[in-house]
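Only one structure is covered here, and it is reproduced in the block below.
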Amino acid sequence: MTKTGFVVANLFRKRTRTILTLLSVIMAFLLFGLLQSVNSIFNAGADFVGATRLMTQARVSFTQPLPLSMVPKLEAVPGVTRVAYSQWFGGVWQDNTPLFVFAVDPQRYHDVYPEFVMPEAQWQAFTNTRTAMVAGKQIADQYGWKVGQKVPISSNIYPQKNGSKAWAFDLVGIFDGKDENWKKQTNQVLINHDYFDEANQFGKGRTNFYILRLSDGDRAQSVSKTVDAMFENSPDETKTQTEKDFNLSFVKQIGDIGLIVRWILFAVFFTLLLVVGNTMAQSVRERIPELAVLKTLGFSDGSVLGFVFAEAFALCLFGGTVGLLLATVAGAMVEKGSGGQFQLRPSATVWLIGSAAIVLMSIAVGLLPALRARRLKIVDALAGR
Amino acid sequence: MSDSMVQVRDVTKVYERGKQKIEVLHGLTLDIPKGDFVALMGPSGSGKTTLLNLIGGLDQPTSGEILVGGSRIDKLSSGELAKWRAHNVGFVFQFYNLMPVLTAEGNVELPLLLTKLSASQRKKNAAVALQVVGLTDRAKHKPRELSGGQEQRVAIARALVSDPRLLVCDEPTGDLDRKTADEILGLLQVLNREHGKTIVMVTHDPKAAEFARRTLHLEKGQLLEQAAA
C-alpha cells in the first residue's frame, strides 16, 4: 500500500457518490472545453486580420446598403490604395443550409485580399464570366464541388427578376488561404456583383459594405475619421472601423458570445463547486474518527490536510482531464463532420486555462474540509465530540 | 538509567466545556516500570481514559510532568508529539478503529507509511505482525469481512508493527464476547511476557484486569492509593 493508494481507496469509499460527482466534473469540463473553443472561434476572426484594411458600412446597420457611387470618393481619401465592396447574398444550399455568399467585384476583391490565393486564370474567369462564382476550398471540399460545374444556390433575400429565389452559378475557381489562419476563412462563396446587380429584383447599385485597403496601418484612425466625416449628415452616413472590430461587431449581431460563454461557464462551475464541495465536506464529516486515528498513529496535522487535499485534487484532476479529452474528441468529430468549418477542438490555451481551473477548483472544494481535518483534536474526535 | 517506562508527576488535567472548567485529574502521580502490564480501573468519569490519552501523547496535561521512555512528552509540540507517537506507542481501541477501505494488511501497513521502509519491507513487516496475532490467512480481507475478535487482532497488529515499547489499550475487549475477549487478553499477555511490551490498559471488566500484572484504581481523578494517602 502507498499513500496514493490510500487516497484513491478513500476517494472510492462511496463508489456511487464518487462516480456521480466525477460525472459532474467531467460534464463541466466537457462544456468548458467546447464553449471556450466556440468563444475562440468567434474571436479568432479578429486576431489575425491585417491592420491595413478598414470596413465601411452604413452607420445604422450593415444591413442598410450604401450606394456604389461612394467608390470614387473613398478611393480619393488619402491613405486609401484600393476599394472593394461586398454584398451579403443570403445564400442557401439545398435543404436550407445557410452559406456565406457575397457578391463582389472580382478584381477589386482580389486586390484588397491578396491573402486568398487562386490561379490567376481562375481570377480572370471570375472577372470575365457574369454568372461565375468562386468557392473557398473548405466549402468546396465539404460539398464536393468541382471547377466547371453549375452550382444551384438559393437566396433567402434576393429574388431574380422572374421572381424565383433559385439562382445558379458557374464554378470557375476554388481559392485557398495563404496560411493556416486564412485557410480557415475559406468557407465562403463569392459571386460576381455585376451579374447580381443586374439580375436581382431589388435595388441596384448598392452594397452592404466597403473594404478599404490602406497604404499604411498607422493611418487607420485618420482614414476612418475622414471617411465618416465625409458622409456625415448625408442620407448615407457611414461607420468605418478596422477589419478586426468589424468582424467582432458582426459576430455580436448574434450576441456577445464571450459574455454568453462566460455566464454559462460561471453557472456550470458555480454548481460544480457546490456539488464537489458538498461531496468533499460530507466525505470528511463522516470519517472524522478515521482522521483522528490517522493522527493517533503519528500522521501530522499537515499530512492529514494533505490526504484530504489530495482527494479533492485527484477528483478534479481526473474529472477535468477526462472532460477536456472528451471535448477534444467531440471537437474533432464536429470539425470532421463540418469539413473543417467549425474548429471546436480545444486549443493549447483552452487546455492551459482548463488546467488552471482544475487547480483552482481543487483548492476551492478541498480547502475547508482539509482545514477541518487539520484542526480536529484527537481526543474530541475519538470521543465523538 | 531509570527502570520506569511511564512517569506521571503531579499531573492535573482541566477540560473547558463552554464556560465550565472540569478538573478531571488532580495532581496524579504514577510510575509504570518497563515490561509492566497495568490495568486501570475505575467508575465512568474517574479519568481513566484521560490518563491513558496523556500517557499515549494524544493530549497534554494542564500541569505536571509526563515522561515516557525517558522523554518529557508534556513539553512537545503537536508535530513533535505526532512523530513521537509514531515511533514509541501502539494504540488499541475498544471499537478497533480500522480503516474500512483498507484490507487487514493495508491497515497494519498504515503506520509504516511514516517510515522510510521500502514498499516490500513494509509488506513484509505487516505480514509478520499479522502472523504474531494469528491472522495471516485474513490479510486480504477488509474489516467488514472480519469478526470483532479478528478486527481487534488486526488493530493489535497495527499497534505492534512499528515495534513500540509501549501499548496503550482503551477497553480493548469492551465490544467482545467473553471467549473472544479472553483470546485478545491472552494475546496481550503474550506480547507483554514474551515480547517485553509495556502495556497500559483501561478496562471496566475485573476479569480482563486479571490478565494484567497489577491493577490501579482511579476515582475522581486520583489513584485510590494516593487518595487514601
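Tabulated results
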{"quantity": "For segment A:60-236: rounded, prolate or oblate by the Cα gyration tensor [a/c cutoff 1.5]", "calculated": "oblate"}
{"quantity": "Distance (nanometres) between label positions extended 7 Å along Cα→Cβ at B:V128 and B:D10", "calculated": "4.3 nm"}
{"quantity": "Neighbour-count order for A:Y85, A:Y158, fewest beta carbons within 10 angstrom listed first", "calculated": "A:Y158, A:Y85"}
{"quantity": "Rounded Å value of the spacing that divides the Cα centres of segment B:165-207 and segment B:48-104", "calculated": "17 Å"}
{"quantity": "Most fluctuating residue given options A:L344, A:L324, A:L297, as computed from a GNM of chain A linking Cα atoms under 10 Å", "calculated": "A:L297"}
{"quantity": "Ranked list, fewest to most other Cβ atoms within 10 Å of each Cβ, for B:I22, A:I26, A:I353, B:I73", "calculated": "B:I22, A:I353, A:I26, B:I73"}
{"quantity": "Sorted by Cβ density within 10 Å, fewest first, the residues B:L224, B:L167", "calculated": "B:L224, B:L167"}
{"quantity": "Cα-based helix-to-principal-axis angle, B:178-193 vs chain B, degrees rounded to 10", "calculated": "80 degrees"}
{"quantity": "Relative contact order of chain A, defined on C-alpha pairs under 8 angstrom at six or more residues apart (%)", "calculated": "27 percent"}
{"quantity": "Alpha carbon centroid spacing (whole Å) that separates segment A:187-238 from segment B:2-35", "calculated": "93 Å"}
{"quantity": "Estimated FRET transfer efficiency when R0 is 60 angstrom, pair B:H141-A:A356 (beta carbons, to 0.05)", "calculated": "0.90"}
{"quantity": "Interatomic Cα distance distribution for segment A:169-286, bins of 10 angstrom, percent", "calculated": "9, 20, 28, 19, 10, 8, 5, 1"}
{"quantity": "Calculated FRET value between A:R285 and A:S222, using beta carbons and R₀ = 56 Å, to 0.05", "calculated": "0.25"}
{"quantity": "Chain A: most fluctuating residue of A:V80, A:V359, A:V293 per GNM, C-alpha cutoff 10 Å", "calculated": "A:V293"}
{"quantity": "Within a Gaussian network of chain A (alpha carbon springs, distance under 10 Å), most fluctuating of A:K183, A:K336, A:K14", "calculated": "A:K14"}
{"quantity": "Environment charge of B:Q20, counting only residues whose C-beta is closer than 15 Å and scoring Lys/Arg +1, Asp/Glu -1", "calculated": "+3"}
{"quantity": "Formal net charge of residues neighbouring B:K207 (Cβ-Cβ distance under 9 Å; K, R +1; D, E -1)", "calculated": "-2"}
{"quantity": "Antiparallel DSSP beta bridges within the protein assembly as shown, percent to nearest 5", "calculated": "65 percent"}
{"quantity": "Helix runs (DSSP H) in chain A reaching 27 Å along axis by Cα, Kyte-Doolittle at least -0.5", "calculated": "A:15-47, A:257-285, A:301-337, A:348-375"}
{"quantity": "Summed residue charge, Cβ within 12 Å of A:V112's Cβ, Lys/Arg positive, Asp/Glu negative", "calculated": "-1"}
{"quantity": "Paired Rg and Dmax values of segment A:157-215, which use every Cα atom, in angstrom", "calculated": "14.9, 43"}
{"quantity": "Zone residues, segment A:178-222, relative to A:Q160, backbone N less than 20 Å from point 7 Å out along Cα-to-Cβ", "calculated": "A:189-205"}
{"quantity": "Average beta carbon contacts from partner chains per residue of A:4-16, 10 Å cutoff", "calculated": "2"}
{"quantity": "Overall dimensions of chain A as given by Cα atoms, namely Rg and Dmax in Å", "calculated": "29.3, 93"}
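Bear in mind that the values in this text are calculations on the coordinates, not laboratory data. The shown structure was predicted, so the numbers you read here are calculated from the model rather than taken from an experiment. For neighbour counting, all protein chains shown are included, and Cβ atoms are generated from backbone atoms with ideal geometry for every residue, glycine included.
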